[in-house]
Amino acid sequence: MDEIQNYMTNTLGFTLSKGKGINAEYTKDGYIVTDIRPENVIKQSDGSLAVIDCFAKFEDESIANNIMGDVENQAQRFIDSMSSSQLKDETDLIKQESADYDIVNDIEPKPEHSDKSVSQDFTFADGTKVKAPFKPNAQQIDALNEMDRFMKSNETSMTLSGYAGTGKTSLMEMIAKKGRKQQRFSTHPY
């Protein structure tokens, strides 16, 4: 945990405002970042850290409320614009994502996930194979290769975004498995 704190404060310039460990809260330029769990941090071969998942928000909640209100309105408009079959398809995608997560992480499948995912090998552009919970589409393959390029670069940040159920978590798990397999980086054993 000390290495995460050092990275956040000394490397990225955040201020430790309170707490420690996973309860630590870091602030910088109006942002608050907390809930950085060791299992969501990857150490790269150059010693830098990649935080895969954490909780981040604006210090000024009025900004966040305005943004979230707009996001919620957009989400509701999106849902309202869907036919019942489109809504079912989106719900099925979310269930698929959950089943995919179980396969990539070798978690015993839940009864509601039976027959949702079929594990298979995925081959990266450099020939490295990892277990994949689904056959990635063209956009997901592009994202995997871009994330792989990023992990080999000296760049310090990258954002992966997409709607719920589009495979973001599964893609990150695949990248982490590839990095561990190639011993380029390892998940922190804190």
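Annotations for the structure displayed:
- Sparsely packed trypsin sites (Lys or Arg not before Pro) within the range 1-50, loop by DSSP, other Cβ within 10 Å at most 16: LYS20
- Extending 7 Å from Cα along the Cβ direction at THR11 and again at GLN139 yields two label points whose distance is 3.1 nm.
- Here the spin labels are modelled as points 7 Å beyond Cα on the Cα-Cβ line, and at ASN23 and ALA56 they lie 2.5 nm apart.
- The amide H of VAL41, built 1.01 Å from its N in the peptide plane, has ILE52, HIS188 as neighbours under 5 Å, considering only residues 5 or more places off or on other chains.
- FRET efficiency, THR128 to GLN44 (Cβ-Cβ, R0 22 Å, nearest 0.05): 0.85
- Potential lengthening between GLN76 and THR159 on full extension [0.36 nm per residue; Cα-Cα distance subtracted]: 27.5 nm
- Annotation: extensible slack from TYR31 through GLU3 equals 8.0 nm (criterion: 0.36 nm per residue apart, minus Cα-Cα distance).
Every read-out reported here was derived from the displayed coordinates using simple, explicitly stated rules and does not represent laboratory data. Here the structure is a predicted model, which means the values were calculated and not measured. Cβ sites come from the backbone with ideal geometry, for glycine too, and all protein chains shown count toward neighbours.
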